[in-house]
Amino acid sequence: MPLTLRISLWLWLITALFAGGKQWLTPLLGPPLQGLIFGLTALVLLLYFKTRLLRSWIDILDLRALVFFHITRFVGFYFLLLNQRGELPYAFAVPGGWGDIAVAVSALLVCLVPLGEATRLRAIRFWNIFGLMDILFVLFTAARLGLQDPAQLRALTYLPLSLLPTFLVPLIIATHIIIFVRLRRTAPTA
């Protein structure tokens, strides 16, 4: 990874950690938190499409590296634990937790099971559709619950879960879109 990209990623992560530590996200509970996620996602995608250095680096990666990033979605186990403790509502934690776990497990399978090139690309395409639908479902559920009672998602505003809206989820959504773009480029032309 080029040095400028590493520095930028580290600065973003440090800023996200600082914001979570200071609980700066608390006033954003509800739909504004989803707005932050989509804004950061849009920024990542804008940088991908407009910055040659970033696009060149990402485009030389094996698609499995982008898929493998999604093992971070094993965070779903933590959602389930927080639901058991009463810190996250069932409607968010259980479907979102199990969905994220399924996406993480299937990411491992797509990355590690030996497949032919065409079969692997098909598997990545199906996995990517499933993974993007899951994360969008989780965001929609969080927005719906946030409109009903923003306080029930308070755990997403402080560490460690504050890293989801400020860092991890924008990267997750952006990588799904980038995977679709890359798959489209590799599709055989008629």
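Quick look at the numbers
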{"read-out": "Peptides ranked, highest mean first, by Cβ atoms within 10 Å: ranges 123-136, 168-181", "value": "168-181, 123-136"}
{"read-out": "Separation of alpha-carbon centers, region 14-46 and region 71-145, rounded to whole Å", "value": "20 Å"}
{"read-out": "Karplus-derived 3J(HN,Hα), 6.51/-1.76/1.60, for each residue of region 43-53, Hz, glycine and proline x", "value": "5, 4, 5, 4, 5, 4, 6, 10, 10, 4, 4"}
{"read-out": "Amide proton proximity set for Trp24, modelled H, under 5 Å, gap of 5+", "value": "none"}
{"read-out": "Tilt relative to the chain, helix 117-148 - C-alpha long axis, 0 to 90 degrees, to 10", "value": "20 degrees"}
{"read-out": "Nearest-ten-degree value, helix 3-21 long axis tilted from longest Cα axis of the chain", "value": "20 degrees"}
{"read-out": "Using θ = phi - 60° and Karplus 6.51 cos²θ - 1.76 cosθ + 1.60, couplings along region 75-90 (whole Hz; Gly, Pro as x)", "value": "4, x, 4, 5, 4, 4, 4, 5, 5, 4, 7, x, 9, 9, x, 3"}
{"read-out": "Rounded to 10°, Cα long-axis angle of helix 169-186 versus longest principal axis of the chain", "value": "20 degrees"}
{"read-out": "Potential extension, Leu81-Ala65 segment - 0.36 nm per residue separation minus Cα distance", "value": "2.9 nm"}
{"read-out": "Cα→Cβ-extended label distance, 7 Å offset, between Phe38 and Ala91, nm", "value": "1.9 nm"}
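We did not get these values from a lab; they are worked out from the coordinates using the rules stated. Everything numeric in this text was worked out from a predicted model, so none of it was measured. Using ideal geometry, Cβ is built from the backbone for each residue, glycine included, and neighbour counts are taken over all protein chains shown.
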